[in-house]
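Accompanying notes for the structure given below.
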Amino acid sequence: MTKSELALEIIERLRKEYPLAGCTLDYDEAWKLLVSVRLAAQCTDARVNIVVEELFKKYPDVESLSSADIEDIERIVKPCGLGRSKARDISACMKMLKQQYDGKVPDDFELLLKLPGVGRKSANLIMGDVFNKPAIVTDTHCIRLVNRMGLVDGIKEPKKVEMALWKLIPPEEGSDFCHRLVYHGREICTARTKPYCEKCCINDICCKNGVEPV
């Protein structure tokens, strides 16, 4: 089985296992997802979803959040960790959206990367989930799992993993595939415990169990 064939088989099996998998950050507007994904760095999505309730209630739009005192943003988002740097990035990002994009999130990958606090992972998430465009989100689950599965060979750098996956994953499948990796990484192919390989839907084709793609 080639890596491309392996990728397609994994995509199909994960689709059956997690048919409704999607972004686990709660949002109803693009700018809110931008804020939440910045807060999610080194923090669980579940905690972020709780914290942003107060933030979005007090600052319900880009304009109000762009005008907020950074100290108040920091106070609210502190439970997510790295409160000071996250608050600075959120404030600067909202100001840039207001001043350059009329409060709208741009649907261009390179423009997203120019926003404060937005890296490739965040930009891909926005492109895929908000704008339904091809995207590959290389978070920690993605990087861990695709290495274990044999889709990439010992690559840990997010951008390099992303570039390798673009060659294997059909563009229209990328976003959903990465969301399903998150679900699979939390439930089965875990990081902090021994993976539950006996429960895994790709157990018989996984590189971790000695099946090497050609």
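Under the condition of being without any contact (Cβ under 8 Å) to a residue 12 or more places away in the chain, in a helix (DSSP H, G or I) and either farther than 18 Å from Asp89 by Cβ or of a type in the set (A, V, I, L, M, F, W, C) (or both), the residues counted in segment 51-74 number 2.
Just to be sure I understand, how many residues within segment 196-213 are assigned to a loop (DSSP other than H, G, I, E, B) and not charged (D, E, K, R)? Even if it seems obvious, please write down each step before you answer.
Quick first cut of segment 196-213, residues assigned to a loop (DSSP other than H, G, I, E, B) only: 196, 200-202, 206, 210-213.
Applying the additional criterion that residues be not charged (D, E, K, R) yields 196, 200-202, 206, 210-211, 213.
Here the count works out to 8.
Got at least one residue in segment 118-134 being farther than 18 Å from Trp31 by Cα, of a type outside the set (S, T, N, Q) and in contact (Cβ under 8 Å) with a residue 24 or more places away in the chain? Yes, because at least one residue in segment 118-134 is farther than 18 Å from Trp31 by Cα, of a type outside the set (S, T, N, Q) and in contact (Cβ under 8 Å) with a residue 24 or more places away in the chain.
Each residue in segment 75-84 was checked for being surrounded by fewer than 20 Cβ atoms within 10 Å (Cβ to Cβ) and in a helix (DSSP H, G or I), and 5 pass. Please indicate, with yes or no, whether at least one residue in segment 104-111 is exposed (fewer than 15 other Cβ atoms within 10 Å of the Cβ), acidic (Asp, Glu), part of a loop (DSSP other than H, G, I, E, B) and more than 14 Å from the chain's Cα centre (by Cα). Checked against the condition, which is being exposed (fewer than 15 other Cβ atoms within 10 Å of the Cβ), acidic (Asp, Glu), part of a loop (DSSP other than H, G, I, E, B) and more than 14 Å from the chain's Cα centre (by Cα), segment 104-111 yields at least one hit.
The residues in segment 103-120 that are in contact with a Leu (Cβ under 7 Å, 6 or more places away or on another chain) and among the acidic types (Asp, Glu) can be counted, and the count is 0.
Give the residue that is nearest to the chain's Cα centre (by Cα), with candidates limited to residues of segment 4-21 that are surrounded by 16 or more Cβ atoms within 10 Å (Cβ to Cβ) and farther than 11 Å from Phe177 by Cα. That would be Glu17. The residues of segment 22-42 that are crowded, with 17+ Cβ neighbours inside 10 Å and assigned to a loop (DSSP other than H, G, I, E, B), listed by number, are Cys23, Leu25, Tyr27, Ala40, Ala41.
Cβ-Cβ contacts under 7 Å between residues 6 or more apart (or on different chains), taken from a first residue in segment 167-180 that is within 12 Å of Leu125 (Cβ to Cβ) to a second residue that is small (Gly, Ala, Ser) and buried (at least 20 other Cβ atoms within 10 Å of the Cβ), are listed as Gly174/Gly128; Gly174/Ala135; Ser175/Gly128; Ser175/Ala135. In segment 15-22, the condition of being under 22 Å from Val137 (Cβ atoms), out of contact with any helix residue (DSSP H, G or I) (no Cβ under 8 Å at 6 or more places or on another chain) and of a type in the set (A, V, I, L, M, F, W, C) is met by at least one residue.
Every number in this text was worked out from the coordinates using simple rules, so none of it is lab data. Because the structure is predicted, anything quoted here is derived from the model rather than measured. No Cβ is skipped: glycine too gets one built from the backbone with ideal geometry, and neighbour counts run over all protein chains shown.
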